[in-house]
Amino acid sequence: MTDLIAEMADRLFAAHSGNTGLWAAVEEAGLPFALLAEEAGGFGFAPAEALGIIRIAAGHAAAAPVAETVLANHVLGAAGLDPAEGAAVVATEVLPAEDGRLCGTLRRLPWARDAGTVVALTAEGRMLRLTAGWSIRSGSNLAGEPRDDLTFDLPLDGLTTAESPFAADTLLAMSAALRAIAIAGAAEAALALTVGYVNDRVQFGRPIGKQQAIQQNLAVMAGQTAAARAAADMVSEAFPLALSAPELFRLKAGAAKLRAGEAAGVCAAIAHQAHGAIGITREYRLHPLTRRLWSWRDEFGSEAFWAERIGAAVFARGDGGLWPWLTRTGEAA
Amino acid sequence: MSLIDFAPPPPEAPYAALRAEVRAFLAETLGPDFGAPARARSWSGFDAAFSRRLGRRGWLGMTLPSRYGGHERSALEHYVVVEELLAAGAPVAAHWIADRQSAPLLLLHGTEAQRQEILPRIAAGTCFFCIGMSEPNSGSDLAAVQSRAEKVDGGWRLSGTKLWTTYAHEAHYMIALCRTGKSDDRHGGVSQLLVDMKAPGVEVLPIIDMAGAHHFNEVRLADVMLPDSALIGQEGDGWKQVMGELAFERSGPDRFLSAFALVTELLRVLAGAPDAGAQRAVGRLVAHLMVLRHMSRSIAGMLARGENPALQATIVKDLGTALEQEIPEIARALVPVEPSQESPDPFVLTFAHTLLAAPGFSLRGGTREILRGIIARGLGLR
């Protein structure tokens, strides 16, 4: 089953590498509902399988809000709300309300200009399913992906809301988790591209990949890529904990984001070093991956942000010691 | 790319009871006086009585068949016990090599007589092994071994020198890699022989390390007469067998826990009033440990299913040793003390010990450069 969905997604994103018609194909394939249960219109895949789609999309540098919409439909479904029609995005900031009106700005919302639905929380922990009522100020991240500011001013009355099963912190952690997964995909693709390049590029009469210095660097990149992938797998497997053990989930998500984020910087640097000048050329396909790596590692909490949170949790762990804390399962023991 | 693909690790919950059992045993056996400096020695802490107690609890030779004194437990249960021993810094040196690599090697390639004679003693924690790989002119280049065994009437005559042989002075046996024939292929013509360390002609000379400790030895083998029955596996198959032995050596949770005693000490020292910098440094360390554990448990799962995770294990060893070596640097950035082996302060002692032990982390079991060469081969570059 894993192979099936992975192959299908890989074919789909490869067929739309120019991004033309990509979103229509994503919707046609039902990918926005990847995390939904079968009875809710999803595939009924385990989260770890469904989230593989995000990794594969990232590996193709797909310019579409796949991760954003998959997450939005997941949290809407968990709150008992209808899934979004079309693209959607989850805000990790609380949207303030005053005198019966929702008014405030959500900053740097990914792909907001393409999203028909915005999911946000009120200060009271209600989940809002918003489909209109904002003005937009366009922006983008280093990779050219839309990151837009949305300003709201509309009456609370008549809005679709539900009790949110997730705190804002958990939404942030879930968003960070999806970036960790995407980093793994982009790093993996950058590694494959770099291995191919050093096998082809001949200098001093032989492929540069035969040089030990290049081999050692690429081995480091492979190790970092493997760590990013393991971080992605770790948090994918832990995804159900967002509902059942949110505190443990936030730590795992933070650890995954931190580890993948560290790998992102190392991988981008080695990929560029091995490629030489062609790698920093507009028409070559390394920079869509590396610019995403550099953007994503700072989105939804940088390494420093999560390190501080995890550190605070470690110091607050009580007197049980670090090892029992590291090996706890989150399951009822 | 399969080498960066780590299969989902097995669930932890079924092993929680075993974990608790090992923890309780260690707390009772090691006692409150077993402090951080002792824990930091873990791998190098030799305590034959402790190994015997582990054997009595059934926690050595765990995966061996019961007809060889083993306990037929799963590879995952073995993993849990090993992880708990290392996290507690238990003195595991006496049985470490025998349990980790010699027993599985003998089970795979040993003769029936070797298995019956030795495996039950390993499982009992009364029979210790040393590794007979490195030589004066053969370190990373293991195929350059020069020790040679001549076939003679009734057995083998072994001569040569083994070097950096950890706890040879306490071991009952060595598994020696040596040349037994001629071959154009430098990986051919080598075999593994079981050497009784009490045999005439075996001389063990201590080598003191820079911390002042005696773990290493030079082992001189001067016309050591070994019976025919000393041959392990097939004559000439030594290279294949020793690669398998190295895979056992590289695939345990020992790749990221060598400096764990210092991590625990660091947390204790900082616990009073950790500032944001301390929280960040510790949080980062813990995140790395969480992901390394995920990878390590994935490898344990692959081993338990009979798969060959050699490449994944190489990657985890490279990542794990890099982190272990960073730990004393992180510690000194947060706690401004001078390392000293004379201090009464457990943090300072643990820091000093870990600092002096750290260079070895990326040497033993294959240097960093050798590991990265193996990874590059896995990438298709060699």
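Could you identify the single residue in B:P32, B:P14 that is part of a loop (DSSP other than H, G, I, E, B) and at pLDDT 90 or above?
Checking each option against the conditions leaves just B:P32.
May I ask you to list the residues in segment B:36-48 that are under 14 Å from the mean Cα position of the chain (by Cα) and of a type outside the set (S, T, N, Q)?
B:R41, B:W43, B:G45, B:F46
So, of the residues in segment A:114-139 that are among the charged types (D, E, K, R) and buried (at least 17 other Cβ atoms within 10 Å of the Cβ), which turns out to be farthest from A:A167 (Cα to Cα)?
Residue satisfying both the conditions and the ranking: A:D114.
Tell me, which residue of segment B:22-40 that is surrounded by 21 or more Cβ atoms within 10 Å (Cβ to Cβ) and of a type outside the set (A, V, I, L, M) is nearest to B:A213 (Cα to Cα)?
Applying the filter and picking the extreme gives B:P37.
Check off (1) touching a Ser or Thr at 6+ places or on another chain (Cβ under 6 Å); (2) buried (at least 23 other Cβ atoms within 10 Å of the Cβ); (3) of a type outside the set (V, I, T) for A:L71 and give me the number that stays unchecked.
Of everything listed in (1) touching a Ser or Thr at 6+ places or on another chain (Cβ under 6 Å); (2) buried (at least 23 other Cβ atoms within 10 Å of the Cβ); (3) of a type outside the set (V, I, T), A:L71 misses just condition (1).
In segment B:321-337, which residues are buried (at least 24 other Cβ atoms within 10 Å of the Cβ) and either within 17 Å of the chain's Cα centre (by Cα) or within 11 Å of chain A (Cβ to nearest Cβ) (or both)?
If the condition is that a residue be buried (at least 24 other Cβ atoms within 10 Å of the Cβ) and either within 17 Å of the chain's Cα centre (by Cα) or within 11 Å of chain A (Cβ to nearest Cβ) (or both), then B:T321, B:E324 are the ones that fit.
Anything in segment B:1-19 that is farther than 30 Å from A:T225 by Cβ and more than 9 Å from chain A (Cβ to nearest Cβ)? List them, or say none.
Listed by number, the residues that qualify are B:P14, B:A17, B:L18.
Could you tell me which of the residues B:V282, B:V348 is part of a helix (DSSP H, G or I), more than 14 Å from every other protein chain (Cβ to nearest Cβ) and β-branched (V, I, T)?
Answer to the check: B:V348.
Given (1) more than 8 Å from chain A (Cβ to nearest Cβ); (2) of a type in the set (K, R); (3) over 20 Å from B:H78 (Cα atoms), identify the lone condition not met by B:R297.
Of (1) more than 8 Å from chain A (Cβ to nearest Cβ); (2) of a type in the set (K, R); (3) over 20 Å from B:H78 (Cα atoms), only one is false for B:R297: (3).
From the list B:G277, B:G360, pick out the single residue that is more than 8 Å from chain A (Cβ to nearest Cβ), part of a helix (DSSP H, G or I) and farther than 30 Å from B:T165 by Cα.
Going through B:G277, B:G360 in turn, just one is more than 8 Å from chain A (Cβ to nearest Cβ), part of a helix (DSSP H, G or I) and farther than 30 Å from B:T165 by Cα: B:G277.
Just to be sure before I move on: is A:V90 in contact with a Pro (Cβ under 8 Å, 6 or more places away or on another chain), closer than 24 Å to A:M234 by Cβ and of a type in the set (A, V, I, L, M, F, W, C) in the structure I sent?
Considered against the rule, which asks whether it is in contact with a Pro (Cβ under 8 Å, 6 or more places away or on another chain), closer than 24 Å to A:M234 by Cβ and of a type in the set (A, V, I, L, M, F, W, C), A:V90 comes out as no.
Picking from A:E98, A:E93, which residue would you name as being touching a Leu at 6+ places or on another chain (Cβ under 6 Å) and either under 26 Å from A:G158 (Cα atoms) or crowded, with 19+ Cβ neighbours inside 10 Å (or both)?
A:E93
Return the pairs, sorted by first residue and then second, in which the second residue is outside any helix (DSSP H, G or I) and surrounded by 11 or more Cβ atoms within 10 Å (Cβ to Cβ), the first residue lies in segment A:1-24 and is acidic (D, E), the beta carbons are less than 9 Å apart, and the residues are 6+ apart or on different chains.
Going by the 9 Å Cβ cut-off, the qualifying pairs are A:D10/A:H60.
How many residues are closer than 17 Å to A:A232 by Cβ, within 13 Å of chain B (Cβ to nearest Cβ) and buried (at least 22 other Cβ atoms within 10 Å of the Cβ) if we restrict to segment A:263-309?
Result for segment A:263-309: 5.
Across segment B:250-268, what is the total count of residues that are surrounded by fewer than 20 Cβ atoms within 10 Å (Cβ to Cβ) and more than 10 Å from every other protein chain (Cβ to nearest Cβ)?
Residues meeting the conditions: 0.
Mind telling me which of the residues A:L150, A:L142, A:L159 ends up being surrounded by fewer than 21 Cβ atoms within 10 Å (Cβ to Cβ) and in contact with a Phe, Trp or Tyr (Cβ under 7 Å, 6 or more places away or on another chain)? Even if it seems obvious, please write down each step before you answer.
Working: A:L150 fails: surrounded by fewer than 21 Cβ atoms within 10 Å (Cβ to Cβ); A:L159 fails: in contact with a Phe, Trp or Tyr (Cβ under 7 Å, 6 or more places away or on another chain).
It is A:L142.
Exactly one of (1) over 23 Å from B:A287 (Cα atoms); (2) among the polar types (S, T, N, Q); (3) touching a residue at least 12 places away in the same chain (Cβ under 8 Å) is unmet by A:T225. Its number?
Only one criterion is unmet by A:T225, namely (1).
Please tell me if A:A245 is under 19 Å from A:I56 (Cα atoms) and of a type outside the set (D, E, K, R).
Judged against the criteria, A:A245 is not a match.
The rows are residues; the columns are (1) touching a helix residue (DSSP H, G or I) at 6+ places or on another chain (Cβ under 8 Å); (2) of a type in the set (A, V, I, L, M, F, W, C); (3) over 13 Å from B:V22 (Cβ atoms).
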| position | (1), (2), (3) |
| --- | --- |
| B:G45 | yes, no, yes |
| B:M62 | yes, yes, no |
| B:S66 | no, no, yes |
| B:G89 | yes, no, yes |
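Taking A:M221 as the residue in question, decide whether it is within 12 Å of another protein chain (Cβ to nearest Cβ), at pLDDT 95 or above and touching a Cys at 6+ places or on another chain (Cβ under 7 Å).
Yes; evaluated as a whole, the condition is true for this residue.
Can A:G104 be described as at positive phi and among the small types (G, A, S)?
Yes, satisfied.
Residues to consider are B:S51, B:S147; find the one that is away from chain A (no Cβ under 14 Å), of a type in the set (S, T, N, Q), crowded, with 18+ Cβ neighbours inside 10 Å and under 18 Å from the mean Cα position of the chain (by Cα).
B:S51
List pairs: first residue in segment A:187-212 and assigned by TED's automatic domain parsing to the domain that holds A:A227 and modelled with pLDDT of 95 or more, second residue buried (at least 20 other Cβ atoms within 10 Å of the Cβ) and among the charged types (D, E, K, R) anywhere in the structure, Cβ distance under 7 angstrom, at least six positions apart or on different chains.
Short answer, once both residue conditions are applied: A:E188/A:R229.
Can you name the residue in segment B:372-382 that is in contact (Cβ under 8 Å) with a residue 60 or more places away in the chain and in a helix (DSSP H, G or I) and is also nearest to the other protein chains (Cβ to nearest Cβ) among such residues?
Here the residue is B:I375.
Inside segment B:271-292, can you point out the residues that are touching a residue at least 12 places away in the same chain (Cβ under 8 Å) and more than 31 Å from the chain's Cα centre (by Cα)?
B:G277, B:A278
The values are calculated or read from the model by the stated rules, or taken from the named source; none is laboratory data. Worth saying up front: this structure is predicted, and the values here are computed from it rather than measured. Quick reminder, even Gly has a Cβ in these numbers, built from the backbone with ideal geometry, and neighbours come from all protein chains shown.
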